[in-house]
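Asker: Below is the structure I would like to discuss, written out as structure tokens.
Since every read-out is calculated from the coordinates, none of them should be taken as a lab result. A quick note: this is a predicted structure, and the numbers were derived from the prediction, not measured. Reconstructed Cβ throughout: ideal geometry from the backbone, glycine too, with neighbour counts over all protein chains shown.
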Amino acid sequence: MEVFLQSLISGLLIGGLYAIIGIGMTLIMGVLKIINLAHGQILMVAMYVTWVLWKFFGIDPYLSIFITIPFIFVFAEGLSKYLLHPLIEKESILPENQVLMTVGIGMVLVELARSIFTSNYKSIHTSYTDKAWHVAGISLHVPLVIAFVIAIFLTIGLYFLLRKTDLGRSIRATAQDKVAATLMGISSAKITILTYGLGSALDAAAGSLLLPVYYLYPDVGPLFTVKAFVITILGGLGSTVGAIAGGLVLGVAETFGATYISSGYRDAVGLVIFLIVLVFFPGGLKRLTKV
Amino acid sequence: MSILTLENLTKTFGGLMAVDHVSFSVKEGEIFGLIGPNGSGKTTIFNLINHYYTVTEGKIFFQGIDITHKHTHEIAQLGIGRTFQKVKPLKRLTVEDNVMAGAFARETTFAGARAVAQDVLKFCHLDDVKNMKAGSLPIGGRKRLEIAKALATRPKLILLDETAAGLNPGELDEAIDIIKKIRDELGITVLIVEHIMKVIMTLSDRIHAIAHGATIAEGTPAEVAKNPLVIESYLGSDYNVENYLNA
Amino acid sequence: MEKEKTKILEISKTEYIIFLGAAVLPFLFFNSFYIQGLLIFIMMWVMLGNSWNLLAGYTGQVSFGHAAYFGIGAYAAALPYFHYKISPWWGLLYGGLAAVILGYLLGILVFKLRGPYFALGTLATGEILRLVFGEEEWLTNGHNGILYTTTWVSKYPYYFIALALAILSILSVKMVMKSKAGFYFLSIREDEDAAAALGINTKKYKNISMAISTFWAGTAGAFYMIYMGFIDPEVVFALHNISIITILIGIIGGVGTIWGPAIGALVMVFVQELFRSAIFGLAPHWVSGLHALIFGLLVITVILYLPGGILGDWDLIANKFKFSKRMRSSS
């Protein structure tokens, strides 16, 4: 029972981080209508930025989100503006050329990281890295708890941005119907580019928050790209609430998989659930709550 | 002799009743019109007939065969061709290849398929543009290509879904002429959905009117046009030629 | 009415010359095992590229999980050897078949999906297999991999086997694309719904395309095992190094063209090796670390400026070249 609870809590905590990765992906999928196969690589870039800030400037990883978020926002906007957006008018045999572009971007980011930082594992050590709180026999890893709390604040912030601001309304309108949004005077091109930046910025926050509890190496990028779309599909496309649920489910499924099956199958559990949901419940978790 | 019979055809999406116990029967050799306001379920009925959607309740018979649960391609091979309201050209193939893709439904050789395609292209006034990529055709040509692809499968019944929408007056007359010839010269039964009154009223032998997924009237064009329910739900309150032309 | 000759397969003069040229190639590099090895890899990538291109480029089913079939082909060759000492060479016979069976089974799942979801579904299947083959040590020897002492030291026999298989893969794609099935593949790529309405059994033809595609991917995998003499799950089921590179080869060469994958494979290996060797040692040593980065940049450039790939947009390239030549001559 204790093992069960411990797994559940750890899963939920990591799931909180997965949730913001998923929300970022969901935003991008909802508005750009593409799968962003560079999502994890952008997260990886954010992790390296965080690492550099800590290593050379002594900036605490949690404080560094104030730098990584705007930095990645601008960076991703550039990618979107100059590499993804121009493809809309290009005629190509496969309609997925934007998706393939994200593959190319992802590849370049990984290799860039490898060229600069080598393939060696990096991690950071702070006064709280190895600390844990013990509550009723269950240990709570301090950095995970902090990250979880910050993730909740970010989610609430995003909720207000999407619901209460003009920008948020424009994004939601574009996601629902691009043509209608354009008719209402929304520049869909601008919103599209901006959304990629915004989705990536959330990703960046997740990257900074993950660093204290994760190893960093270039190939962490592809790993998280896979996680990101697992979360998104689990949650039901385009649904922010779904992405949160998807993130939590994946977090829990992974820790249970690692505890009860074998640690090697940790990543397979998510993929199997993903495939089942994708094929048999195309609406994701969103649909289950909506019946 | 009825070629197509719908019995209590019903389709629900989630809780929404898109098609509500619709029954009608199309006789062999007639042009049968299906009308109704936007969103009344006409295209859904087409999508049920050729099994893009699975039927929730009710049955569909084609020449006495129950086709309710047959696959889309089997239905096409049995002899139901259809066009799409939102045209679906095979964009990067030539116009001729588009039609040949349909012709292969009954032909096994390239020569045979090409011969069928040739006839159909001529019939639909597309032989001048047969080497063009289908994606680069103007809208009038795309609408005719829809018909040509369906005809190439050599159907016994053809479902035409708003093939006249978006055409200019000249093209409209051309389309009416082609549809008439489909029945008169090729002897193919036509089930047609159309918003443009000129088309539906001049062409149809009988018309079936639906609103909110349910039947409201059936009869000759003159009868249906006089039906108060039809006028209220369709012709009167929200019927506007301009709107539908641009739809 | 014109009478059409229905030739099942036409091989042009240029193609014969290319095949002959390819047969002579290894003798030109008789003193370099290294370059001969690269040529063998090019042929293997041609097989994989063709495999992917038939399913994705011609049938519109963009697979992100071709490593699954490559890997299963490799293990089909390796496992009977590992457990029963049956020569991996037999894998050339059943590696492709194993992949076809796997493809059929996975197809039941992934063909329910369309477009980007198909891409994600296939990606997941590839990754699941990688993890399973890594974990089930009793069957696969896990991450320790399977080792086999290769038959020959000389590269020549491997090269000619790879070349023969690569040519066969090209010809098989060419042949099927000349048939009614090929016509149907294109129709499905262009619009699956429209194709079904024309009486095309889309499920059946997607399965046919999948079968030919997976056969070549599996055969390439079996060949890899025989040639390299070592496989492990991380190598043969690799998402990036197999599945993604296969796609990129298609993209660079030109999806939906017969020779696109061959050109893509050539360019991929050439560019990577050019930089891996630090431009024949002329550039500073650190350049050699950039080979994958340069290839990635090349991919981005091609998608941006040559969406049809080198072969698909050959006119574009040729025109540009002519244009600049005219500019030079006029100035």
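Asker: Hydrophobic (A, V, I, L, M, F, W, C) and assigned to a helix (DSSP H, G or I), is that true of A:Leu158?
Answerer: yes
Matching residues to (1) under 19 Å from A:Tyr196 (Cα atoms); (2) within 14 Å of chain C (Cβ to nearest Cβ); (3) among the small types (Gly, Ala, Ser):
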{"position": "A:Trp54", "(1), (2), (3)": "no, no, no"}
{"position": "A:Phe57", "(1), (2), (3)": "no, no, no"}
{"position": "A:Tyr62", "(1), (2), (3)": "no, no, no"}
{"position": "A:Thr68", "(1), (2), (3)": "yes, no, no"}
{"position": "A:Leu83", "(1), (2), (3)": "yes, yes, no"}
{"position": "A:Glu89", "(1), (2), (3)": "yes, yes, no"}
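Asker: Moving to a separate point now. Of the numbered conditions (1) within 14 Å of another protein chain (Cβ to nearest Cβ); (2) in contact with a Ser or Thr (Cβ under 7 Å, 6 or more places away or on another chain), C:Ile252 fails exactly one; give the number of that condition.
Answerer: (2)
Asker: Residue check: is A:Ala147 more than 12 Å from chain C (Cβ to nearest Cβ) and crowded, with 21+ Cβ neighbours inside 10 Å?
Answerer: Against the criterion (more than 12 Å from chain C (Cβ to nearest Cβ) and crowded, with 21+ Cβ neighbours inside 10 Å), A:Ala147 qualifies.
Asker: Out of all the residues in the stretch C:235-294, which are part of a loop (DSSP other than H, G, I, E, B), surrounded by 17 or more Cβ atoms within 10 Å (Cβ to Cβ) and of a type in the set (S, T, N, Q)?
Answerer: Scanning the stretch C:235-294 gives a single hit, C:Thr257.
Asker: So which pairs qualify, if the first residue must be in the stretch A:207-226 and crowded, with 22+ Cβ neighbours inside 10 Å, the second must be of a type in the set (Val, Ile, Thr) and not in a helix (DSSP H, G or I), the Cβ gap must be under 8 Å, and the two must be at least 6 apart or on different chains?
Answerer: A:Leu211/A:Ile124; A:Pro212/A:Ile124; A:Pro212/A:Thr126; A:Pro212/A:Thr129
Asker: I would also like to ask the following. Find the strands (runs of 3 or more DSSP E) located wholly in the stretch B:28-110 whose residues include 3 or more that are surrounded by fewer than 17 Cβ atoms within 10 Å (Cβ to Cβ), and list them.
Answerer: Once the strands (runs of 3 or more DSSP E) in the stretch B:28-110 are filtered for at least 3 residues that are surrounded by fewer than 17 Cβ atoms within 10 Å (Cβ to Cβ), what remains is B:57-62.
Asker: Hey, any hits in the stretch A:99-116 for a residue that's out of contact with any helix residue (DSSP H, G or I) (no Cβ under 6 Å at 6 or more places or on another chain), loosely packed, with under 13 Cβ neighbours inside 10 Å, within 14 Å of chain C (Cβ to nearest Cβ) and part of a loop (DSSP other than H, G, I, E, B)?
Answerer: no
Asker: Can you report the number of residues in the stretch B:157-166 which are within 13 Å of chain C (Cβ to nearest Cβ) and charged (D, E, K, R)?
Answerer: Matching residues across the stretch B:157-166 total 1.
Asker: Another one. Name the residue that is surrounded by the fewest Cβ atoms within 10 Å (Cβ to Cβ), counting only residues in the stretch A:163-204 that are of a type in the set (D, E, K, R) and in a helix (DSSP H, G or I).
Answerer: The residue in question is A:Asp166.
Asker: May I ask you to list the residues in the stretch A:133-144 that are assigned to a helix (DSSP H, G or I), in contact with a strand residue (DSSP E or B) (Cβ under 7 Å, 6 or more places away or on another chain) and touching a residue at least 24 places away in the same chain (Cβ under 8 Å)?
Answerer: none
Asker: Could I ask something else about it? Among the residues of the stretch B:128-147, count how many are within 14 Å of chain C (Cβ to nearest Cβ), more than 18 Å from B:Glu194 (Cα to Cα) and in a helix (DSSP H, G or I).
Answerer: Qualifying residue count for the region: 3.
Asker: Go through (1) at the interface with chain C (Cβ under 9 Å from one of its Cβ atoms); (2) among the basic types (Lys, Arg); (3) assigned to a loop (DSSP other than H, G, I, E, B) and name the single condition B:Arg114 misses.
Answerer: (3)
Conditions (1) touching a residue at least 60 places away in the same chain (Cβ under 8 Å); (2) farther than 13 Å from B:Lys149 by Cβ, marked per residue:
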site: B:Lys42; (1), (2): yes, yes
site: B:Gly58; (1), (2): no, yes
site: B:Phe62; (1), (2): yes, yes
site: B:Thr83; (1), (2): yes, no
site: B:Lys86; (1), (2): no, yes
site: B:Phe110; (1), (2): no, yes
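Asker: Looking at B:Thr12, B:Thr5, which one is part of a strand (DSSP E or B) and within 14 Å of another protein chain (Cβ to nearest Cβ)?
Answerer: One residue alone meets the criteria, B:Thr12.
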